Amino acid sequence: MSEFYHVSVLLEECLEGLAIKPDGIYVDGTLGGAGHSSRIAARLTTGRLIGIDRDPVALKAAGERLAPYKDRVTLVHSNFCEIKQVLHDLDISGVDGILLDLGVSSPQLDDAQRGFSYMADAPLDMRMNSQDALSAYTVVNTWPQEELKRILYNYGEERYAPQIAAAICRKREVKPVETTLELVDIIRSAMPPAALREKQHPAKRSFQAIRIAVNDELGSVEKVMRDAVDCLNPGGRLAIITFHSLEDRIVKIGMADAAKGCTCPPNFPVCVCGNKPKVKPITRKPIVSGDEELQRNPRARSAKLRVCEKI
């Protein structure tokens, strides 16, 4: 079997949140190692599971893991934000549940050659889909200094973004930055000694920011929040796991807007927009991992699960 293996976060909570029906149609938009999907598929009888992933390596591994349920599983190579088009292509008018786990799979982080890790030397890549044109090499070596500063600050919440962006640009004028550890050295050189002594690796925030930019992760979340509810049948559930504040804010606001309906200014005496609530929240506050899960999987520490149901 493929070495692609990922510890599923908030697994039982996701299954409960989706309220799976044996004859329902479900979408796992971020298939990964199929940890969540294998449990969903096991609960289906006449139902169907649509598994989507943009990473061909993950898709192949998931196919192996889901082989016992192949009669009820359809795998699609695509980005989760294209869910509406995927379902249209499959001639599916509505589904009973959608699951999105927005974390980067452990195998992607741990495979040094993918270029996600600041702990091992590899070509600058960071593409979740190796067929995409934009890579970390392009971002680091061609994007303007102001744009680098913007993504480091906005996507990585890196307080030394101006210094790091300037250091990258100085270095690439001499020669292109080609590997992950070259980039780590540049980041270190731009930070004060006190920052280098912090517990968190000095390159963690910058690598996160560049990865988000390469894969347009926030743009994908914004798009799926506009489309996902429309893909649900009445009573269908949308369950989303986020891992950092930027994603969680988009999901939180998207679900709240869908639950509110009316978009009229607060000072209007009556509603004139005519918009009705599309969903009701199932989780008033995000569900987080308990102590037992955190002991098994420290990467679950920042995970938040939000669930809503289509009205």
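So for segment 129-140 (the condition being in contact with a strand residue (DSSP E or B) (Cβ under 6 Å, 6 or more places away or on another chain) and part of a loop (DSSP other than H, G, I, E, B)), does at least one residue qualify?
no
Checking the structure you have, find out if any residue of segment 139-154 is open to solvent by less than 50 Å² (accessible area, probe 1.4 Å), over 25 Å from Leu10 (Cα atoms) and without any contact (Cβ under 8 Å) to a residue 40 or more places away in the chain.
Checked against the condition, which is being open to solvent by less than 50 Å² (accessible area, probe 1.4 Å), over 25 Å from Leu10 (Cα atoms) and without any contact (Cβ under 8 Å) to a residue 40 or more places away in the chain, segment 139-154 yields at least one hit.
Yes/no per residue for (1) within 12 Å of the chain's Cα centre (by Cα); (2) at negative phi; (3) open to solvent by 40 Å² or more (accessible area, probe 1.4 Å); (4) touching a residue at least 12 places away in the same chain (Cβ under 8 Å):
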site: Val184; (1), (2), (3), (4): no, yes, no, yes
site: Ala190; (1), (2), (3), (4): no, yes, no, yes
site: Pro193; (1), (2), (3), (4): no, yes, yes, no
site: Leu196; (1), (2), (3), (4): no, yes, yes, no
site: Ala209; (1), (2), (3), (4): no, yes, no, yes
site: Ser220; (1), (2), (3), (4): yes, yes, no, yes
site: Val224; (1), (2), (3), (4): yes, yes, no, yes
site: Cys231; (1), (2), (3), (4): no, yes, no, yes
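Just the residues that are closer than 17 Å to Arg226 by Cβ, loosely packed, with under 15 Cβ neighbours inside 10 Å and not charged (D, E, K, R), please, taken from segment 249-272.
If the condition is that a residue be closer than 17 Å to Arg226 by Cβ, loosely packed, with under 15 Cβ neighbours inside 10 Å and not charged (D, E, K, R), then Ile253, Ala256, Thr263 are the ones that fit.
List the strands (runs of 3 or more DSSP E) inside segment 27-118, counting only whole elements, that have at least 1 residues being acidic (Asp, Glu), within 25 Å of Leu218 (Cβ to Cβ) and modelled with pLDDT of 95 or more.
48-53, 95-101
Checking the conditions here, which among Arg72, Arg54, Arg65 is of a type in the set (Lys, Arg), in contact with a Leu (Cβ under 6 Å, 6 or more places away or on another chain) and open to solvent by 10 Å² or more (accessible area, probe 1.4 Å)?
Just one listed residue meets the conditions, Arg72.
The values are calculated or read from the model by the stated rules, or taken from the named source; none is laboratory data. All figures in this text were calculated on a predicted structure; none of them were measured in a lab. Ideal geometry is used to build each Cβ from the backbone, glycine not excepted, and the neighbour counts take in all protein chains shown. SASA here: full protein model, heavy atoms, side chains in, ligands and nucleic acids out. Shrake-Rupley method; radii C 1.70, N 1.55, O 1.52, S 1.80 Å.
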